[in-house]
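Q: This is the structure, below, for whatever I ask next.
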Amino acid sequence: MTDLSLYLHIPFCVRKCAYCDFLSAPADEAACAAYADALCREIRACAQEDRSAAEPEGPLRVVSIFLGGGTPSLLTAAQIGRILDTAREAYPVAPDAEITMEANPGTVTEASLTGYRACGVDRLSLGVQSFSEKELKVLGRIHTPREACEAYEAARRAGFGNINLDLISGLPGQRLPDWIRTLERAASLGPEHISAYSLILEEGTPLLGAVVREETAEEDGRTGVRVGTDVLWLPEEDEERAMYHETARVLALSGYARYEISNYARPGFESVHNNGYWTGRLYRGCGLGAASLLKRDGKYIRTSGTRSLTEYLDVWSGTAEDAGGPIERPEHAGGPAERPGRYAGQTVLSERDRQEEFFFLGLRRMEGVSRSGFERLFGPDAWNAFAAQIGRHVRLGTLQSDGDRLRLTERGIDVSNTVFSDLMR
Amino acid sequence: MDSEQSKIRNFCIIAHIDHGKSTLADRIIERTGLLTSREMQDQVLDNMDLERERGITIKSQAVRTVYRAKDGQEYILNLIDTPGHVDFNYEVSRSLAACDGALLVVDAAQGIEAQTLANVYLAMDANLEVFPVINKIDLPSADPDRVAEEIEDVLGLEAADAPRISAKNGINIDAVLEEIVTKIPAPDGDPDAPLKALIFDSLYDSYKGVIVFCRIRDGRVKKGTKIRMMATGFETEVVEVGTFGAGRFNPCEELSAGMVGYITASIKNVQETHVGDTVTDAERPCAEPLPGYKKVTSMVYCGVYPADGAHYNDLRDALEKLQLNDASLHYEPETSIALGFGFRCGFLGLLHLEVIQERLEREYNLDLVTTAPGVVYRVHKLDGTVIELTNPSNLPDPAEIDYMEEPVVDAEIMLTTDYIGPIMTLCQERRGVYVSTEYLEDSRAVLKYVLPLNEIIYDFFDVLKSRSRGYASFDYELKGYQRSKLVKLDILINREEVDALSFIVFEGSAYERGRRMCEKLKEEIPRHLFEIPIQAAIGGKIIARETVKALRKDVLAKCYGGDITRKRKLLEKQKEGKKRMRQIGSVEIPQKAFMSVLKLEDD
């Protein structure tokens, strides 16, 4: 059996948040309906393709499905149901597969959540981000802390036994006690899983556009964000790091263990889907701009779909399906096993690429990577190419070697990009 | 003198920078009908990209045009373009030696500037007829009467009848042409005497080999003539001779006494022709070579290294080719612990350094690391020997040193009297010794100072310009050496001395410079996983310190929808950035940090 995850992207949002650079578009009913149709067609086409490329290791088995966005909860339960039914018809989905859906407070009701639960969604990821009204406003979120709690309670009543809350630290104007309050409030609700990210100012987001810098005599000056006539300062480095470190401490007190750089769970509730990304499991992404990791003729290929909604709807309109797939776009040369023009982006991973990914993805998990696992995949000598940098980082205290396992230290987590980039060619 | 020779006028145009020399050259070429208007690009003579961008003339170039004068005769005008910047005095003197007269262009608004004076003195030294032209008369601020008076008072040149022109708008260009014909003497020289020609420039062409630019003083040269370079003794047979069109070479039968043109002779080795050498007929040599040009001395030295050590040979080849066209460039191999194999290069000044650096980067596609420029110090050792020090790393043990000397220059700063105060302060800050103030007229004066050369090579021009709001101009000449209290300032990064960052400095300025240097390096060096001390030291004693704090946070939290490719790109970019740095011990230093000593002046 070959394990596979499905990622299904729903690119609509009520409103784009100020910090968000994910692919999303304003929602309207007709667009949502047309998109759901197109997505179903793409799922079927992908399944056909994946089946015909099945590996000698055996047939595929889908172990997780993730409906991400955007805001998947802008689709009706009927639409979500149809998408999941399509996936189950097209792919052999394991009976115990984890089926997660992202939802934003303010877009869900107990009735809609009951509907999602009924069509097979068994894990709900709520985009709470903060329990401070002020902070939510800066982020451009449409909900209030109260609505977040209501959505959570409604989800419980609708029968969700596995709920994740997304939180963001390091917000403009946020201080350490504010963040601890948000964490405690989240923990007191008792979700099974908490994702705690720290804010990154991304290119092209309104938040980055509003950034102001203050040059001071000391160190590096401050960075703030203009909100109306006020400037809200981002936490300075030490405080931002303190928030990050406090997260692990505060959540541990409530029984959450960190299993990945930004993810915490009660025992047994680690996300199957997320773990797949870090451990090299194959995944098939469907929907606007979605990325996949596929295996074709023994080679690993990362692909990504078009980021244009018009083009997407065009490609996966009813007529294209009859022709067995999307329209041909000769300007994109296809990979070895793919039709030309199938993907907007496509990279065949070299052995070295895969080795690097083994580290920069695997080390994100707190249990780290296994040397013997690496050698099983890449041969007994492959480790040597990385040994010098690994040794250097162990000496610098950013990596920790423990028998067969190699993992980031607490300090290593803070500077993980530096560690990862050193492990690249 | 045969009649052909009497119709030749060899001349150059001299001016302060920006007074319109190149524009006037363009108008002359245009007016003499060598090119159609369509073929005229702006500034025809400046054919290097770099020159056009900077709006300055770096390499002297020659062009031959034909002018039908009011007397009905056709004259051959050989115009030799000269650079106007102080760094390029040597190039000016080479050009002047090939001429019989000079047009002095003076801006009708600005009047005489420091380089106007310097260039006029050079032209007079070369025994040239100098006649002034007042340019830019159509500017609102133009005051040609005042400028004419100034030329007469300050330079002692007849200027009442000087043509008043606008080169930019083509006003009164004919008057200039008539002056060239009437005021500049025809070349002397005997076409039947043994060949005697002066090399004033050369150019390397991958097809023709070295192209020698020369002025024929006596005799004739044509295809097949066996020539000898008198200084090097190199002999070869002429393949082609010709004259200069605008931007191209026009082959001709023969070059004879009085003419300006070029010779090619399949010369492949750049060492065989020296600018300033005399070309003669190998079978019928002249008795004496022409007097050599003013010997050029490099004023500023710095280390030039390929960013990627694998390109060392490319850099050497590029320097070799540049030197062919630029006699004032010197280089010799050197090794740095920090930077590997490279060259110690000598330049006329900082602008010259920048021009060479840019040409190496653009024309030869080289990525370079340049160390802080310095001057040539004389180190007198206790054993009586004297070392000419161009690389601070070679400074002997202080215990062996008796005393040190540094070069000083006679500096002339021409400025409006309003700025005398601030500029005197500047000179004082730069350890200047006041000589005199001469008033040219009520509002203008010449300040004379003796200044240490190492105080003016970094940013003196920029600061002078900003403190005088552009109303001061500057010229200098090497005066000699003076004894001085000098020390070597070392920079330690993460407690390791970085040889490429060491420099020699006046003891009294060492503390301040060391402190600034540490601050600057702190800005340039990215944070690492560990704390990095940056220290300035003199003879092992730390005089300044800064610290690059350890990196606190470099983490990417979210990985959207499995888009690993995006994350990979980010990490690859980060890795790429590290590769472009120099590894010194365990610290990665960006290439430009090695130049940071240049930008120490506060904004």
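Q: Give me the distance between the Cα centres of the stretch A:143-215 and the stretch B:176-190, rounded to whole Å.
A: 86
Q: Still on this structure: Given the options A:GLY68, B:PRO396, B:VAL176, identify the residue whose Cα lies farthest towards the positive end of the charge dipole of the protein assembly as shown (+1 on Cβ of Lys, Arg; -1 on Cβ of Asp, Glu).
A: Result: A:GLY68, furthest along the dipole toward the positive end.
Q: Just want the answer: with Cβ charges of +1 for Lys and Arg and -1 for Asp and Glu, which residue in B:PRO194, B:LEU315, B:VAL376 is farthest toward the dipole's positive end in the protein assembly as shown?
A: Checked the options; the winner is B:LEU315.
Q: Compute the distance in nm between two label points, each set 7 Å from the Cα along the Cα-to-Cβ direction, one at B:GLN73 and one at B:SER466.
A: Result for the modelled spin labels: 5.5 nm.
Q: Same structure again: Taking loop as defined by DSSP and a crowding limit of 14 other beta carbons within 10 Å, which GluC sites (Glu not before Pro) in the stretch B:501-532 fit?
A: Values: sites: B:GLU507, B:GLU512, B:GLU519, B:GLU523, B:GLU524, B:GLU531; in loops: B:GLU531.
For GluC sites (Glu not before Pro) across the stretch B:501-532 that sit outside H, G, I, E and B with at most 14 neighbouring Cβ atoms in 10 Å, the list reads B:GLU531.
Q: Something else: Would chain B count as rounded, prolate or oblate if I go by the C-alpha gyration tensor, calling it rounded below 1.5 in a/c and otherwise prolate when a/b exceeds b/c, oblate otherwise? It would help to have the intermediate numbers written out before the result.
A: Values: a/c = 1.81, a/b = 1.56, b/c = 1.16.
Prolate shape, in that a/c is at least 1.5 and a/b is the bigger ratio.
Q: Per residue of A:297-305, count partner chain C-beta atoms within 10 Å of its C-beta, then hand back the mean as an integer.
A: Numbers: counts 0, 0, 0, 0, 0, 5, 1, 6, 0.
That works out to 1 on average.
Q: List the chymotrypsin sites (Phe, Trp or Tyr not before Pro) within the stretch B:150-240 that fall in a DSSP loop (any state other than H, G, I, E or B) and whose Cβ has at most 14 other Cβ atoms within 10 Å.
A: Qualifying residues, ordered by number: B:TYR207.
Q: So which residues in the stretch A:411-425 end up with at least 10 square angstrom less accessible surface once the other protein chains are there, compared with the chain by itself, probe 1.4 angstrom?
A: Flagged in the stretch A:411-425: A:ARG411, A:ASP414, A:VAL415, A:SER416, A:ASN417, A:THR418, A:PHE420, A:SER421, A:ASP422, A:MET424, A:ARG425.
Q: Suppose a student asked you for the relative contact order of chain A, using Cα pairs under 8 Å spaced at least 6 residues apart; what percent would you report? Numbers along the way, then the final one.
A: On the way: 766 pairs, mean separation 61.8, N = 425.
It rounds to 15 percent for chain A.
Q: Continuing with the same structure: For chain B, what's the relative contact order in percent, using C-alpha pairs closer than 8 Å and at least 6 residues apart?
A: Details: 1317 pairs, mean separation 58.1, N = 603.
The value is 10 percent.
Q: Which net charge results when you count Lys and Arg as +1 and Asp and Glu as -1 among the other residues whose beta-carbon is under 13 Å from that of B:ALA175? Before the final figure, lay out each step's value.
A: On the way: positive: B:ARG27, B:ARG31, B:LYS70, B:ARG164, B:LYS183; negative: B:ASP161, B:ASP174, B:GLU178, B:GLU179.
Computed value for this residue: +1.
Q: Once a ≥ b ≥ c are taken as the square roots of the eigenvalues of the Cα gyration tensor of the stretch B:240-375, is the result rounded (a/c under 1.5), prolate (a/b larger than b/c) or oblate (a/b not larger than b/c)?
A: prolate
Q: Now for a different question. Using a 10 Å cut-off around each Cβ of peptide A:355-364, what is the average number of partner chain Cβ atoms that fall inside? The partial results should precede the final answer.
A: Details: counts 0, 4, 4, 0, 0, 5, 4, 0, 0, 5.
Across A:355-364, the average partner-chain Cβ count within 10 Å equals 2.
Q: I'd like the isolated cysteines in chain A, meaning no second cysteine's beta-carbon lies under 4.7 angstrom from theirs.
A: For chain A, the answer is A:CYS13, A:CYS32, A:CYS40, A:CYS46, A:CYS119, A:CYS149, A:CYS286, because their Cβ atoms have no other cysteine Cβ under 4.7 Å.
Q: Please state, rounded to one decimal and in Å, the Kirkwood hydrodynamic radius that the protein assembly as shown gives when every pair of distinct Cα atoms enters the mean of 1/r.
A: Working: mean 1/r = 0.0288 Å⁻¹.
Roughly 34.7 Å, rounded to one decimal.
Q: Counting only protein heavy atoms and a 1.4 Å probe, tell me what percentage of the protein assembly as shown's accessible area is made up of carbon and sulfur. Mind dumping the intermediate values first?
A: Numbers: 20200 of 41930 Å².
Taking all protein chains in place, the protein assembly as shown shows 48 percent carbon and sulfur surface.
Q: Tell me, what are the semi-axes, in whole angstrom and largest first, of the equivalent ellipsoid of the stretch A:175-214 as set by the roots of 5 times the Cα gyration tensor eigenvalues?
A: Working: eigenvalues 159, 38, 9 Å².
Computed over the stretch A:175-214, the values are 28, 14, 7 Å.
Q: Another question, if that's okay. Can you list the trypsin sites (Lys or Arg not before Pro) in the stretch B:463-535 that are in a DSSP coil and have 15 or fewer other beta carbons within 10 angstrom?
A: Numbers: sites: B:LYS465, B:ARG467, B:ARG469, B:LYS479, B:ARG483, B:LYS485, B:LYS488, B:ARG495, B:ARG513, B:ARG515, B:ARG516, B:LYS520, B:LYS522, B:ARG527; in loops: B:ARG469, B:LYS485, B:ARG495, B:ARG527.
Those that pass, being in a loop and sparsely packed, are B:ARG469, B:LYS485, B:ARG495.
Q: A further question on this structure: Within 12 Å, Cβ to Cβ, of A:LEU313, how many net charges do the neighbouring residues add up to if Lys/Arg are +1 and Asp/Glu are -1?
A: On the way: positive: A:ARG41; negative: A:ASP37, A:GLU42, A:GLU311, A:ASP314.
Result for the neighbourhood of A:LEU313: -3.
Q: Next up: Under 5 Å between amide hydrogens, which residues at least 5 positions from A:VAL93 or on another chain qualify, with H placed 1.01 Å from N in the peptide plane?
A: Those lying under 5 Å, H to H, from A:VAL93 are A:VAL62.
Q: For A:TYR7, which sequence-distant residues (separation of 5 or more, or a different chain) have an amide H within less than 5 Å of its own amide H, given hydrogens modelled in the peptide plane?
A: A:PHE66, A:ARG284, A:GLY285, A:CYS286
Q: Return the average number of partner chain Cβ atoms within 10 angstrom of each residue Cβ along peptide B:564-573.
A: Numbers: counts 14, 9, 3, 6, 10, 0, 3, 10, 4, 1.
Whole-number average of other-chain Cβ neighbours for B:564-573 is 6.
Q: Kirkwood Rh, Cα Rg: Rg to Rh for the stretch A:144-220? Spell out each step's value before the answer.
A: Values: Rg = 16.5 Å, Rh = 15.0 Å.
That ratio is 1.10, to two decimals.
Q: Looking at the protein assembly as shown, send over the antiparallel percent of its DSSP beta bridges, to the nearest 5.
A: 75
Q: I would also like to ask the following. Looking only at Cα atoms, what is the convex hull volume of the stretch B:332-385 per residue, in Å³?
A: Cα-based convex hull of the stretch B:332-385, divided per residue, equals 115 Å³.
Q: I've got another one for you. Let me check I have the definition right: for the stretch A:2-133, take the eigenvalues of the Cα gyration tensor, multiply each by 5, take square roots. What are those semi-axes in whole Å, largest first?
A: Details: eigenvalues 148, 50, 41 Å².
For the stretch A:2-133, the ellipsoid semi-axes come out as 27, 16, 14 Å.
Q: Might you report the magnitude of the Cβ-based charge dipole of the stretch B:426-582 about its Cα centre, with Lys and Arg at +1 and Asp and Glu at -1, to the nearest 20 debye?
A: Numbers: 34 positive and 24 negative charges, 233 e Å.
The calculated dipole for the stretch B:426-582 is roughly 1120 debye.
Q: Hey, another quick one. Calculate the length of the line joining the C-alpha centroid of the stretch A:95-128 to that of the stretch B:376-398, in whole Å.
A: When both Cα centres are located, 80 Å separates them.
Q: Run down the lysines and flag those whose C-alpha is under 21 Å from the C-alpha of B:LYS222, throwing out any fewer than 8 positions away in its chain.
A: B:LYS7, B:LYS196, B:LYS208, B:LYS268
Q: How big is the Cα convex hull of the stretch B:404-459 in projection, averaged over all directions, in nm²?
A: 3.9
Q: Another question, if that's okay. List the lysines whose Cα lies under 16 Å from the Cα of B:LYS549, skipping any in the same chain that are fewer than 8 positions away.
A: B:LYS520, B:LYS522
Q: Could you work out the longest stretch of chain A that avoids the GluC sites (Glu not before Pro) located in DSSP loops with at most 16 other Cβ atoms within 10 Å? Display every interim value, and only then the final one.
A: Values: sites that count: A:GLU57, A:GLU202, A:GLU203, A:GLU215, A:GLU218, A:GLU219, A:GLU236, A:GLU328, A:GLU331, A:GLU367.
In chain A, the maximal stretch lacking such sites is A:58-201.
Q: So, by mean Cβ neighbours within 10 angstrom, what's the order for A:18-27, B:430-439 with the highest one leading? Walk me through the intermediate numbers first.
A: Values: A:18-27: 18.1, B:430-439: 14.8.
So the order, starting with the most tightly packed, is A:18-27, B:430-439.
Q: Along Cα→Cβ, 7 Å out, is where each label goes; now give me the distance between the ones at A:TRP233 and B:ARG552 in nm to one decimal.
A: Result: 1.2 nm between the two label points.
Q: Using modelled amide H (1.01 Å from N, peptide plane; none on Pro or chain starts), what sits under 5 Å from the amide H of A:VAL227, excluding residues fewer than 5 places away?
A: Amide H neighbours of A:VAL227: A:LEU232.
Q: Still on this structure, please answer the following. Put a dot 7 Å past each Cα toward the Cβ at B:GLU477 and B:LYS226; how far apart are the dots in nm?
A: 4.4
Q: Let me ask something additional. What quantity of accessible surface, computed with a 1.4 Å probe and excluding non-protein components, is buried in total between chains B and A, in Å² to the nearest 100? Each step should come with its number before you reach the end.
A: Working: alone 26970 and 18680 Å², together 41930 Å².
Roughly 3700 Å².
Q: May I ask for the equivalent-ellipsoid semi-axes of the stretch B:422-543, computed as the square root of five times each C-alpha gyration tensor eigenvalue and listed largest first in whole Å?
A: Working: eigenvalues 256, 59, 20 Å².
So the three semi-axes of the stretch B:422-543 are 36, 17, 10 Å.
Q: Under the Karplus relation 6.51 cos²θ - 1.76 cosθ + 1.60, θ = phi - 60°, what is the ordered set of whole-Hz ³J(HN,Hα) values for the stretch A:289-301, x standing for Gly and Pro?
A: x, 6, 9, 9, 10, 10, 10, 9, 6, x, 9, 8, 10
Q: In whole angstrom, and with the biggest value first, how far do the Cα coordinates of chain A range along each principal axis?
A: That gives 64, 56, 42 Å along the principal axes, largest extent first.
Q: Alpha carbon centre of the stretch B:303-352 versus the stretch A:1-44: separation in Å?
A: 58
Q: What do you get when you divide the Cα radius of gyration of the stretch B:482-585 by 2.2 N^0.38 Å, with N the number of residues?
A: Numbers: Rg = 18.8 Å, N = 104, 2.2 N^0.38 = 12.8 Å.
The value comes to 1.47.
Q: What ranking do A:154-167, B:534-547 get when scored by the average of other Cβ atoms within 10 Å per residue, highest first?
A: Numbers: A:154-167: 19.4, B:534-547: 16.3.
Peptide ranking by packing, descending: A:154-167, B:534-547.
Q: If packing is taken as the average count of other Cβ atoms within 10 Å, what order do B:15-24, B:189-198 fall into, highest mean first? Walk me through the numbers on the way to the answer.
A: Working: B:15-24: 23.7, B:189-198: 19.8.
Packing order, densest peptide first, comes out as B:15-24, B:189-198.
The values are calculated or read from the model by the stated rules, or taken from the named source; none is laboratory data. Note that this is a predicted model, so its numbers are computed, not measured. Note: ideal-geometry Cβ built from the backbone for every residue, glycine included; neighbour counts use all protein chains shown. Quick note on the areas: whole protein, heavy atoms, side chains included, nothing else; ligands and nucleic acids left out. Shrake-Rupley method; radii C 1.70, N 1.55, O 1.52, S 1.80 Å.
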